[in-house]
Amino acid sequence: MAKAKVLLVEDDPIQASATKEILKKGGYEVLWAEDGINAIKLIKSEKPDVVLLDIILPGMDGYEVCRWLKLDESTKGIPVIMLTVKKELADKISGLHIGADDYLPKPYNELELNARIYASLRTKALQDELKVKNQQLEDLLDKVNYMAITDALTGLYNRRRFHDALTSEYERAKRYGTPFSLIMTDIDYFKRINDHYGHDAGDSVIKEISKILVKSVRDIDTVARYGGEEFMVILPNTDKTHARIVAERMRQATENHDFAGVDWKITTSVGISGMPDAKVENEDKLIRCADFAMYRAKQLGRNRTVTAEALELEHA
């Protein structure tokens with residue numbers, strides 16, 4: 001508090017001199033402005049901790065200065081104590097209505113002036129502390145929310161967030177008739193990787209494939225780890241024909257990738273389903289169709305992409 005910077009805005013040199021002496025005696029760093037324009041310049045450049053603001057000033061009066069200060073995001077937190085010889089209640093109310101934090105009528109004595117400044121600075125310190133704690137709480141909530149929708153290993157969306165995104169996209173497709181596709185991909189022979197190289201190597205493979213998937217899609221697409229070695233990709237505004245192009249890009253990128261710590265080729269099997277489709281009456285059916293197509297890819301020899309067609313939909 002003793003090191004606080006105080007801006008005195010006072011056009012009367014005699015009054016200003018007396019007030020500055022009181023402030024310096026109290027251990028404050030003192031700035032002085034004789035009018036409203038210079039006061040605003042000092043507030044912008046020096047960012048004082050408190051402003052002692054005379055109401056009657058040449059040009060821009062104290063009310064205007066206070067109004068400007070409280071409307072500016074960078075300065076609205078600076079406490080303002082209005083100084084005036086006026087004692088009418090209406091003048092006090094006017095100052096408080098535009099954002100003044102306190103009101104000190106002239107003449108004032110040293111003890112009262114210091115007490116008002118101390119109280120304003122204490123209030124500001126508490127408000128600043130509260131802002132810091134609120135920001136910390138917001139950051140913590142953001143982190144919790146992020147963890148609630150994110151897969152810890154890959155940083156992709158998790159199964160919960162995937163279902164939320166799928167529901168939203170499905171409802172939009174039903175309402176507006178817009179196409180979208182769902183890709184399900186599974187790592188071939190993943191158990192062998194874990195058994196031969198260990199689970200750390202398996203985790204590494206999952207993380208590298210996650211990066212491949214993300215690089216293969218647009219920003220508007222949703223990539224999620226569905227569970228274990230399975231991944232889901234939602235492609236808005238994409239029919240199954242174009243989704244197959246994306247799926248093949250993912251599959252080929254995986255097949256051609258050199259995975260760290262693994263000396264054999266790693267491949268994936270991919271299934272595709274999509275909207276609009278009269279046989280798909282809900283999101284669960286869409287997932288089952290993609291899952292059915294993906295297992296058809298496994299049955300056909302793995303490392304391939306299969307699209308869920310009409311015959312397959314009937315059995316999904």
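The values are calculated or read from the model by the stated rules, or taken from the named source; none is laboratory data. Owing to the predicted nature of the structure, the values given are computational and were not obtained by experimental measurement. Positions of Cβ are backbone-derived with ideal geometry, glycine not excepted, and every protein chain shown enters the neighbour counts. The accessibility values were calculated without ligands, DNA or RNA, using every heavy atom of the protein model including side chains. Shrake-Rupley method; radii C 1.70, N 1.55, O 1.52, S 1.80 Å.
So here's what we get for this one:
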{"read-out": "Subset of region 145-164 (residues that are within 19 Å of Ala247 (Cα to Cα) and open to solvent by 10 Å² or more (accessible area, probe 1.4 Å))", "value": "Leu156, Tyr157"}
{"read-out": "Criterion violated by Gly261 - all others in (1) closer than 22 Å to Tyr189 by Cα; (2) part of a loop (DSSP other than H, G, I, E, B); (3) open to solvent by less than 70 Å² (accessible area, probe 1.4 Å); (4) out of contact with any helix residue (DSSP H, G or I) (no Cβ under 6 Å at 6 or more places or on another chain) satisfied", "value": "(4)"}
{"read-out": "Enumeration of residues in region 286-316 that are assigned to a helix (DSSP H, G or I), open to solvent by less than 20 Å² (accessible area, probe 1.4 Å) and at pLDDT 85 or above", "value": "Leu286, Ile287, Cys289, Ala290, Ala293, Met294, Ala297"}
{"read-out": "Any chance Val246 is buried (at least 18 other Cβ atoms within 10 Å of the Cβ), on the phi < 0 side of the Ramachandran plot and either modelled with pLDDT under 95 or of a type in the set (A, V, I, L, M, F, W, C) (or both)", "value": "yes"}
{"read-out": "Qualifying residue in region 34-46 (condition: out of contact with any Pro (no Cβ under 8 Å at 6 or more places or on another chain) and not in a helix (DSSP H, G or I))", "value": "no"}
{"read-out": "Gly26, sole failed condition from (1) modelled with pLDDT of 90 or more; (2) surrounded by fewer than 18 Cβ atoms within 10 Å (Cβ to Cβ); (3) closer than 19 Å to Arg122 by Cβ", "value": "(1)"}
{"read-out": "Restricting region 264-285 to residues that are touching a residue at least 60 places away in the same chain (Cβ under 8 Å) and not in a strand (DSSP E or B), the residue that is most open to solvent (accessible area, probe 1.4 Å)", "value": "Pro276"}
{"read-out": "Among residues of region 165-208, those that are touching a residue at least 12 places away in the same chain (Cβ under 8 Å), open to solvent by less than 30 Å² (accessible area, probe 1.4 Å) and assigned to a helix (DSSP H, G or I), counted", "value": "11"}
